[in-house]
Amino acid sequence: MPQQADAETKASFEKIIEFAENQTFTLEFNSHQSKFTLNEFISPQMSDEDTKFYNNMACFRFTSEWSEYHLDKSNNEEYFKQFDGTIIKNKAEPINWEISTESKTISNYKTYKAIYNMPFTARDGKTKIRKITAWFAPELPYSYGPKQFHGLPGLILELQEKETVYYVSKLNLDSKNTVEISFPKGKTITMDEFINGISK
């Protein structure tokens, strides 16, 4: 029985990895706002229920804790949309990036490396540091990127968080910055309320 359980656990974990590797995201933005959205991976071999389960597990384990992230620079606010529809509203704090001279070419753009040592509260209650590595293109003067990572003097074309790497696969730019960003609506709580709810 234990061997069968181990085999099932391994197969399930491999399926979660498969979903994570096939998930894509869309980043939309204008001069003041951005929206980062999960495009769920659809498996033709699975039911809608199982597909949703593995997409959610892939997000929680590898890619994104939220289905959407919105940034409003005009009001200095950010919004995290949970998978249950709850919206977390938070003040958008500046990110302390360390920009280096190291560079590489991504999608024909010269990019530079930036590091953010992000503090976070671990399961043991202690504050720890997670290293975020971004590659941004100064030729693209848009200070946005995957998830909640922004504030660099150029669009982030590649970003690594833990073992997950986000990279641009298709780039469509609106030179007039007229893209309309629709912000989420629904039950909204503050980040403090969310954190306190988790800790109870």
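Values for this structure:
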{"read-out": "Residues of the range 1-28 satisfying the condition of being touching a Lys or Arg at 6+ places or on another chain (Cβ under 7 Å) and closer than 30 Å to residue 176 by Cβ", "value": "28"}
{"read-out": "Whichever residue in the range 59-117 is under 23 Å from residue 136 (Cβ atoms) and among the β-branched types (Val, Ile, Thr) and, among such residues, is surrounded by the most Cβ atoms within 10 Å (Cβ to Cβ)", "value": "111"}
{"read-out": "Residues (of a type in the set (Phe, Trp, Tyr) and at pLDDT below 85) located in the range 1-49", "value": "41"}
{"read-out": "Unique residue being farther than 30 Å from residue 15 by Cα and not in a loop (DSSP other than H, G, I, E, B) when the list is 55, 90", "value": "90"}
{"read-out": "Any hit, the range 183-193, residues being of a type outside the set (Ser, Thr, Tyr), at pLDDT below 95, under 17 Å from the mean Cα position of the chain (by Cα) and closer than 20 Å to residue 31 by Cα", "value": "yes"}
{"read-out": "Strands (runs of 3 or more DSSP E) (entirely within the range 105-198) containing at least 1 residues that are polar (S, T, N, Q), closer than 26 Å to residue 83 by Cβ and touching a residue at least 40 places away in the same chain (Cβ under 8 Å)", "value": "164-167, 188-190"}
{"read-out": "Residue match in the range 38-51 (condition: in the same structural domain as residue 178 (by TED's automatic domain parsing) and in a strand (DSSP E or B))", "value": "yes"}
{"read-out": "Any hit, the range 32-44, residues being crowded, with 16+ Cβ neighbours inside 10 Å, over 30 Å from residue 150 (Cβ atoms) and of a type in the set (Gly, Ala, Ser)", "value": "yes"}
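The values are calculated or read from the model by the stated rules, or taken from the named source; none is laboratory data. All figures in this text were calculated on a predicted structure; none of them were measured in a lab. Cβ: placed from backbone, ideal geometry, glycine included. Neighbour counts: every protein chain shown.
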